[in-house]
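The values are calculated or read from the model by the stated rules, or taken from the named source; none is laboratory data. Computed from a predicted structure; not experimentally measured. Glycine also receives a Cβ, built like all others from the backbone with ideal geometry; neighbour counts cover every protein chain displayed. Just the protein is used for accessible areas: all its heavy atoms, side chains included, with ligands, DNA and RNA removed. Shrake-Rupley method; radii C 1.70, N 1.55, O 1.52, S 1.80 Å.
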Amino acid sequence: MSSMIDVSKLVESLKISESANDSFDYLLGEIAELMEMASLYRAKGAFDPVAMIEYAYKVETTILASGHDPRIIRMCQVMLGLTGVSDQEFLLDGSGKVYQRQVYFVRRSDGVVKIGSTMNVARRMEQLSSGAAEDLELLGHINGSTLFEKAIHRELADHRKHGEWFYQAPEVIAYVERILRTGNNRGAI
């Protein structure tokens with residue numbers, strides 16, 4: 001009877017070992033993809049904002065799959081450094097938290113819409129509110145970059161009031177709604 005228990009323990013240990021090997025293989029595959037992506041970004045010498053959103057997601061899922069293993073977090077930090085992307089666009093802290101630049105959309109009480117970008121939307125809203133004589137409404141924000149923000153500004157140039165502020169034309173609101181719907185939506189109009 002004791003040999004039956006030993007065999008069942010052995011079978012259970014083998015199942016656990018097989019599962020651990022599968023997890024390790026998955027993790028190595030994710031790390032290899034991150035390394036390949038980092039080298040491609042570096043080789044291109046150009047920042048691709050859409051690709052960086054994908055890279056951020058892959059970094060987050062790799063760290064999650066590792067159980068927030070500090071060695072994996074450090075590897076991801078090194079690979080991020082190899083991309084050449086500024087920490088003002090994408091940052092990975094020591095705990096494995098990913099911070100990515102956000103493109104935000106704010107409306108003043110007169111309807112004028114500000115399109116900007118920041119690493120911290122809550123802090124930026126505080127800054128804008130403290131300097132504003134009127135109420136501001138955060139319409140939403142999405143993962144992005146300064147390049148993405150500038151592309152939006154170019155697209156809406158005909159509706160620019162000044163700087164990053166745009167008239168509340170139906171085309172502006174429709175464009176912002178579409179971006180928020182299709183992007184990593186953190187708010188709604």
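Annotations for the structure displayed:
- Selection of segment 75-86 for residues being open to solvent by 60 Å² or more (accessible area, probe 1.4 Å) and under 15 Å from residue 58 (Cα atoms) yields 75, 78.
- Residue within segment 64-85 that is part of a helix (DSSP H, G or I), under 24 Å from residue 154 (Cα atoms) and in contact with a Leu (Cβ under 8 Å, 6 or more places away or on another chain) present: no
Results for (1) surrounded by fewer than 17 Cβ atoms within 10 Å (Cβ to Cβ); (2) over 19 Å from the mean Cα position of the chain (by Cα); (3) among the acidic types (Asp, Glu), shown as yes or no for each residue.
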| residue | (1), (2), (3) |
| --- | --- |
| 120 | yes, no, no |
| 126 | yes, yes, yes |
| 139 | no, no, no |
| 144 | no, no, no |
| 149 | no, no, yes |
| 163 | yes, yes, no |
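- Within segment 26-65, if we keep just the residues that are open to solvent by 100 Å² or more (accessible area, probe 1.4 Å) and of a type in the set (D, E, K, R), the residue that is farthest from residue 89 (Cα to Cα) turns out to be 36.
- Some residue of segment 130-151 being aromatic (Phe, Trp, Tyr) and free of Cβ contacts under 8 Å to residues at least 60 places away in the same chain: no
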